[in-house]
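Peer 1: Starting off with a structure, shown below.
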């Protein structure tokens with residue numbers, strides 16, 4: 001899998017690397033037991049500081065997504081499962097970047113959300129039933145997380 | 001960051017005067033072991049002087065220096081044995097030597113020389129082994145200097161404008177080789193450059209020298225969330241309130257449009273502009289290169305510490 005980071009992204013680089021691994025797991029490009037690039041390879045490929053890669057791998061290990069194997073490197077954990085919470089974390093990151101992009105274009109959050117729903121419907125990715133589920137989930141998330149989302 | 005004198009590279013109250021001119025003025029450098037420290041500043045800010053003092057190639061007027069616990073003014077040779085130094089000049093003394101002969105020459109003076117690694121670098125940097133040094137292009141000489149700098153596996157690497165004279169493809173390769181070197185050795189890096197985009201996401205720490213003073217020294221990630229580029233529509237007679245004024249690093253205010261770089265987190269900037277009657281039209285994080293350019297263009301008295309003091313003194317708290 002090809003990892004991608006962006007120096008102008010407001011997320012810290014180690015978080016960008018973690019999100020790339022999550023993306024790999026969700027899209028199926030990374031599977032349980034797959035080796036991750038070594039710290040050296042990843043650092044050289046992305047031209048990032050190796051300590052940043054180590055930090056990302058350490059955090060991913062803490063989350064149970066990857067495991068170091070002595071002398072062999074870092075692997076996707078056999079028990080790796082992208083939990084609902086992780087999918088939500090990833091989704092919020094994507095939403096935050098998309099929202100900033102909307103604000104950059106002079107759009108309000110309302111205009112952006114309305115347009116996202118219209119586009120998803122046009123492409124057949126959102127039905128009446130799933131749209132209702134989205135609204136319910138958003139209402140639930142707002143209740144539990146308060147004002148956690150982007151301003 | 002540790003204050004143990006044996007750790008990393010530090011200076012305390014470092015001063016350097018050339019006649020009546022003050023090149024360095026009370027520099028307290030803190031480079032932790034394993035850090036990759038980007039030293040930025042305009043021409044004449046004192047960057048090369050500072051690096052040469054760290055190497056013991058120039059003497060300080062006052063202040064103390066510690067490089068892995070050694071004082072370069074006392075034990076310059078000891079320091080230079082530990083440091084891979086890439087100076088800003090591309091000149092070789094022995095123009096008649098071939099690249100191969102020059103490598104053997106360096107190996108003789110460097111006990112830790114790694115011939116296999118040198119050969120790997122020569123290959124990756126596409127250097128002609130049998131060419132005489134005098135016959136190398138400027139870019140080739142720069143690449144060979146990189147081999148001399150890294151092939152003795154130094155625990156400290158000091159580079160002055162390392163990508164100068166490299167073409168775009170070799171700049172990419174330079175960043176890859178340097179990242180791999182840091183992964184292999186856990187070396188500490190101090191790097192001075194104007195071409196900040198060339199060093200990608202390697203720096204962990206940033207220092208900004210202005211007129212011989214280190215006006216900023218912090219973690220790179222601390223800058224990521226403290227600097228934001230905004231544009232906003234403002235009323236015609238709009239004046240920034242103090243809360244925005246003190247956070248403004250640079251601004252361009254024309255007609256009803258404001259474009260500025262602010263010392264603020266993105267959501268903070270948004271809220272401040274909104275409460276001041278400005279409609280934000282764009283909000284961007286800055287790359288490291290853009291961040292440094294913005295801070296170099298700031299008024300001479302500008303420092304993050306001064307801003308934080310002014311923010312604390314604002315009536316009504318932070319906002």
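What follows is calculated from the coordinates using simple rules that are stated; it is not laboratory data. Just so you know, these numbers come straight off a predicted model, no measurement behind them. Glycine also receives a Cβ, built like all others from the backbone with ideal geometry; neighbour counts cover every protein chain displayed.
Peer 1: Would you look at the GNM of chain A, springs on alpha carbons closer than 10 Å, and say which of A:73, A:93, A:124 moves the most?
Peer 2: Largest GNM mean-square fluctuation: A:124.
Peer 1: Roughly how many Å is it from the Cα centre of the stretch B:293-307 to that of the stretch B:255-292, as a whole number?
Peer 2: Between the Cα centre of the stretch B:293-307 and that of the stretch B:255-292, the gap is 16 Å.
Peer 1: Can you give me the P(r) profile for the stretch B:225-313? Cα pairs, bins 10 angstrom wide beginning at 0, each as a whole percent.
Peer 2: Going out from 0 Å in 10 Å bins, the stretch B:225-313 shows 18, 54, 27, 1 percent.
Peer 1: Let me ask something else about it. Using a Gaussian network for chain B with springs between C-alpha atoms less than 10 Å apart, which of these wobbles most: B:76, B:135, B:207?
Peer 2: Largest GNM mean-square fluctuation: B:135.
Peer 1: Given the convex hull of the Cα atoms of chain B, what is a quarter of its surface area in nm²?
Peer 2: Details: hull surface 75.1 nm².
Over all viewing directions, chain B projects a mean Cα-hull area of 18.8 nm².
Peer 1: Further question: What ranking do B:25, A:78 get, fewest neighbouring Cβ atoms within 10 angstrom at the top?
Peer 2: By the 10 Å Cβ count, ascending: A:78, B:25.
Peer 1: Please report the spacing between the Cα centers of the stretch A:1-75 and the stretch B:160-207 in Å, no decimals.
Peer 2: 21 Å
Peer 1: Return one number: the angle in degrees, 0 to 90 and rounded to the nearest 10, between the long axis of the Cα atoms of helix B:115-124 and the longest principal axis of the Cα atoms of chain B.
Peer 2: 60 degrees
Peer 1: With everything on Cα atoms, drop me the angle between helix A:13-27 and the longest principal axis of chain A, reported from 0 to 90° to the nearest 10.
Peer 2: For helix A:13-27, the angle is close to 80 degrees.
Peer 1: Quick one: grab the alpha carbon gyration tensor of chain A, order the square roots of its eigenvalues as a ≥ b ≥ c, and give me rounded if a/c is under 1.5, else prolate or oblate depending on whether a/b is larger than b/c.
Peer 2: Working: a/c = 2.27, a/b = 1.74, b/c = 1.30.
In terms of gyration-tensor shape, prolate.
Peer 1: Sort A:62, B:52 so that the residue with the fewest other Cβ atoms within 10 Å of its own Cβ comes first and the one with the most comes last. Walk me through the intermediate numbers first.
Peer 2: Details: A:62 9, B:52 19.
Least to most surrounded, the residues fall as A:62, B:52.
Peer 1: What is the ratio of the Cα radius of gyration of the protein assembly as shown to 2.2 N^0.38 Å, where N is its residue count, to two decimals? If you can, show how the numbers build up before the last one.
Peer 2: Values: Rg = 25.4 Å, N = 470, 2.2 N^0.38 = 22.8 Å.
In units of the globular-protein estimate, the protein assembly as shown measures up at 1.12.
Peer 1: Something else about it: Ignoring everything except DSSP H segments at least 4 long, calculate the 222 nm mean residue ellipticity for the protein assembly as shown; use -39,500 (n - 2.57) per segment, divide by total residues, nearest 500. Each step should come with its number before you reach the end.
Peer 2: Working: 17 runs with 194 residues, N = 470.
Dividing the helical sum by the residues of the protein assembly as shown leaves -12500 deg cm²/dmol.
Peer 1: Relative to the longest principal axis of the C-alpha atoms of chain B, give the angle of the C-alpha long axis of helix B:304-313, reported between 0 and 90° and rounded to the nearest 10°.
Peer 2: Tilt relative to chain B: about 20 degrees.
Peer 1: DSSP beta bridges in the protein assembly as shown, what fraction antiparallel, as a percent rounded to 5? Kindly include the intermediate steps, with their values, before the conclusion.
Peer 2: Working: 44 of 63 bridges.
Antiparallel: roughly 70 percent of the beta bridges in the protein assembly as shown.
Peer 1: Of the beta bridges DSSP finds with both residues in chain B, what % are antiparallel, to the nearest 5? The partial results should precede the final answer.
Peer 2: Numbers: 39 of 57 bridges.
The antiparallel fraction comes to roughly 70 percent.
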